[in-house]
């Protein structure tokens, strides 16, 4: 299996974005120069889990479906996911769920994607939908639908969500020595062949 790693230029930009020092994740075998860590590029597409459930419209009091992103299959994400976690996510959700569309959000004074009532068309505020989601999060079976949506990452998002992966074990053959040897070089060292 080949690893999709960042180029030297991409890695430099990745380090700048995250404030990672040049010496972090940069230890190498003292003999052959192989790296202990490689910076893996995030995948081109990610799977985002969305839940759909019914809630009461605050405008007409009818029951209307709403959708909310719940989880993403991408290793370096630690924060909670939102509609704007990925640039292409709102459009993908809108394609799957027509009631999730562009609306004017008065509190933010912007036009943006949001849940709307399927009866009266009123925008269901993100705060209220998220609050409702927090209520059903402990009983996932109460969501009417749990679905995975494939989302394409932009080049910047692929860089942002890239992360280090340990690909090599380094050994320190002598106490007080700063030499680090990979498995192959350490084996040669112990056999007195280097």
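Averaging 1/r over each pair of different alpha-carbon atoms in region 45-153 and inverting the result gives 14.3 Å, the Kirkwood hydrodynamic radius. The long axis of helix 8-18 is offset from the longest Cα principal axis of the chain by roughly 60 degrees.
Once the Cα atoms are used to define both axes, helix 126-136 deviates from the longest principal axis of the chain by about 80 degrees. Taking 10 °C and 1.306 mPa s as conditions, the chain diffuses translationally at an estimated 79 µm²/s according to Stokes-Einstein applied to its Kirkwood radius (Cα pairs). Computed extension length for residue 63-residue 104: 12.6 nm, one decimal, from 0.36 nm per residue of separation with the Cα-Cα distance subtracted.
Go ahead and estimate [θ] at 222 nm for the chain from helices alone: -39,500 (n - 2.57) per DSSP H run with n ≥ 4, summed, over the residue count, rounded to 500. Helices in the chain give a 222 nm mean residue ellipticity of -6500 deg cm²/dmol.
With contacts taken as Cα pairs under 8 Å at a separation of at least 6 residues, the chain carries a relative contact order of 29 percent. The label-point distance for residue 82 and residue 131, in a model that sets each label 7 Å from Cα toward Cβ, rounds to 1.7 nm. Given a Förster distance of 25 Å, report the FRET efficiency between residue 148 and residue 20 from their Cβ-Cβ distance, rounded to the nearest 0.05. Here the calculated transfer efficiency is 0.20.
None of the figures in this text is laboratory data; all of them are computed from the coordinates on show. As the structure is a computational prediction, the values presented were derived from the model and not from experiment. Positions of Cβ are backbone-derived with ideal geometry, glycine not excepted, and every protein chain shown enters the neighbour counts.
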